[in-house]
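Notes follow the structure.
Read-outs: derived from the displayed coordinates by stated rules, not from any lab. Everything numeric here is computed off the predicted structure, so don't read it as measured data. Note that each Cβ is placed from the backbone with ideal geometry, even for glycine, and that neighbours are counted across all protein chains shown.
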Amino acid sequence: MKTLPSLLLTLIFSTSILNIAIAAPLAVSDKDWQYVNGNSWAWNYSPQTQINKNNVDKLEVKWLFPFESTSFIPEAMKVINPQGGVTTPPLVNNGVVYIQTNFLKTYAINGSNGRPLWTHEYNLNISEIQERLPWSANARLFHLHGIRYWESGEALLLQGFACDFYALDGKMGKVKFHITDLCANIPGNTYRYFPAPEQNSIGTYEKGQQFIFLLSHVEGGGWIESGRNIAMGIDMNTKNILWRVFNAPPQSEFSRDWALQECNLGYFRDIPCSDVAEKAPENLEWDWAPSPNTSPHPSSGVTASWGQSIIDEDSGVLYINTGAQVPWPNVTLTTGPRLYGSTIMAIDMNQGKRVWWQQPQPRDPYDFDCNWSGMLVDHFSIGKVYVKGCKDGHWIVSNAKTGKPIHIIQVIDEIYPGKRTFHITDPFSWYDMKEMKQPDRSRYHGEPPITLIPSYFNGAFSTDQSFDPQTGTVYHYTALAQLKITTLPLREGRISGVIPKTDISANVTIVARDISTGEIKWTWFYPISNQRAHMVVSGGMLFSGFTDGSMKFFDKDTGILIDTMHLGSPIVTGVTTGQDSWGHQKLFTIVGATSFPRQESYGLAERNIVSGTLVAIGISENVSGIVTTTTTTTTTTVTHFTSQNESTFDTVVYLSLGLIAFALITVTVFLLRRRN
């Protein structure tokens, strides 16, 4: 048994690591940012200390790199009509910054001076591919969400437009390998795939020597026939497919028990699927089919998974989140929960089998997918958990091994009481699972247009979450973004779509939350619009780019706004950090409203297509309040506004902590002397 003195000594020396995570992800680095969300568990965290809350007011723009438009793309690519702009967070490795445009032009840029080192343009032979594969170039495209630097392969891993991915040598930009035909000979697949590069990045399972690739049904709201959504493992050496896990049933086949086959593995929020199978099995039968004894409707499916693939090297488990269940909002042609759309899941990569799944919104008619990245955390009090929030606003912390929910918090109800307007579907309800046709004119909503809160454009959480391993704090947005929708009727036996009205005011709240208890530590309200750029935890701060054209820096523990740096143009892509070749820490961000759908909810003009500019920010060598940096085409003025005297605050805090520690040590020594 420990004595009081020993307990006091334990308290003194353990206080600073009270909440620290136990196991750690790959690529936690102060100098590099190799994954979309920083490291292999997607924390958006850097342990760097060069840029911190005591010198953040000394930041300045170091260099600018404007991107070119789609007018320069190869002729073959113009057939696809890819979007312009850059929406991928910059990567950093060994002093080089990597970025890719939405039309798949890749840049390597010297982190010290902003000069290009090499570029690479993706190209393809459309007619040859369409003859060889169940693939068509005739589809609308969306923006990219991220790329990946693969350290052990010294290469960038990049997804192509035609069921393929490739590796570019990090130093020279040459193609190291190109894996193609990943949609060929898919069991149970009837329809074609389309260019759909919404996937965030290619995953790597180093111990198992596997690449992880996610093949997606095209987003189309339910009016386009498209292939099955699949997760697959690919041998790094042979480049052969090792396993496939299907996230939608076989097409053109009867499948009465699709939702029952792995029912024992999953949850609808905190409701075990096995309970539904026992009490209302008819609600799970003929999943995706219009009626019994029919195959899934041709336009049904599960859309892209564009969050970072989270891989646990120790357990060999992959964590992914799937896109929307289509069609929506008219769900007449599909019944049942529509597994595994809008679903969080874990997959055993050694066996190629689903381990568990979590679907917060069965038979979702609102387009509340579970995209963006989740996070894996190993915490001393609750163990290894997977943390994810879907568009519907359910913040879910699940046991990483079993999927059993530890916390489920409806954040819209929590932060904006009484504002949520959507119906949380009930898997026990026959009406919800079989009869409801659309949200408007249903039991839960009136005549159209109806107001949907949260909006299905990025939903309640807006973007990826962030994690501080030192304090066990999760940071996320909670958005009050609304949308008015009118569901269009069926046309020629197909879904004809929806009329959205998005030019409605929106705002967002930053939430700092204790991962072990789920309790809120602090909040900060942003009244201007929704947010899209992820937040970064680093240097004792939480910071991000904002739609008002600024970067804002907060004390990560208190939520106090320390400094605001105005860059003069909206920031809607995540900020990253890394070191240049001289070891100087920099922040990297994309300024300018780049191309993505429904920008109005971010206070921006609709579909404002601007190529964007990469901005490098570092500590100033002079301490003047205003710094001007000029390229041949661009002049940027940077102005700082300091919100409080942070150095005074730190002095008080550190003095208080020192006095407490001194008092504890004094008491301990006194007790030890009395005992002796």
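General remarks:
- Gain upon complete extension [residue 72, residue 419; 0.36 nm per residue less C-alpha separation]: 120.3 nm
- Over 23 Å (Cα to Cα) - which of 207/388; 388/556; 105/174; 353/401; 31/171; 174/586 fall in this group: 207/388; 174/586
- Summed residue charge, Cβ within 14 Å of residue 174's Cβ, Lys/Arg positive, Asp/Glu negative: -1
- Contour minus Cα-Cα distance for residue 175 and residue 23 (0.36 nm per residue): 51.3 nm
- Total formal charge among the other residues, if their Cβ is under 11 angstrom from that of residue 93, Lys/Arg +1 and Asp/Glu -1: 0
- Ordering of 178-185, 264-271, 114-121 by burial proxy (mean other Cβ atoms within 10 Å per residue, highest first): 264-271, 178-185, 114-121
- Computed from phi, the 3J(HN,Hα) profile of region 251-261 under the Karplus parametrisation 6.51, -1.76, 1.60 (θ = phi - 60°) reads 8, 6, 10, 6, 8, 5, 10, 3, 6, 9, 4 Hz, with x in place of Gly and Pro.
- Among 76-83, 106-113, sorting by the average number of other beta carbon atoms lying within 10 angstrom of each residue, highest first, gives 106-113, 76-83.
- Taking region 382-443 and dividing mean pair separation by its residue count, relative contact order in percent (alpha carbons under 8 Å, at least six apart): 18
- Residue ranges 411-418, 531-538 sort as 531-538, 411-418 when ordered by packing (mean number of other C-beta atoms within 10 Å per residue, highest first).
- Relative contact order (%) - criterion: Cα under 8 Å, at least six apart; region: region 149-219: 25
- Gyration tensor verdict on region 337-424 (Cα atoms; rounded if a/c is under 1.5, prolate if a/b is larger than b/c, oblate otherwise): oblate
- Shape analysis of region 82-191 places it in the prolate category; the axes a ≥ b ≥ c from the Cα gyration tensor give an a/c of at least 1.5, with a/b above b/c.
- Region 229-254 and region 160-190 have Cα centres separated by 14 Å.
- Entry note, region 406-489: relative contact order of 30 percent, from Cα contacts under 8 Å with a spacing of 6+ residues.
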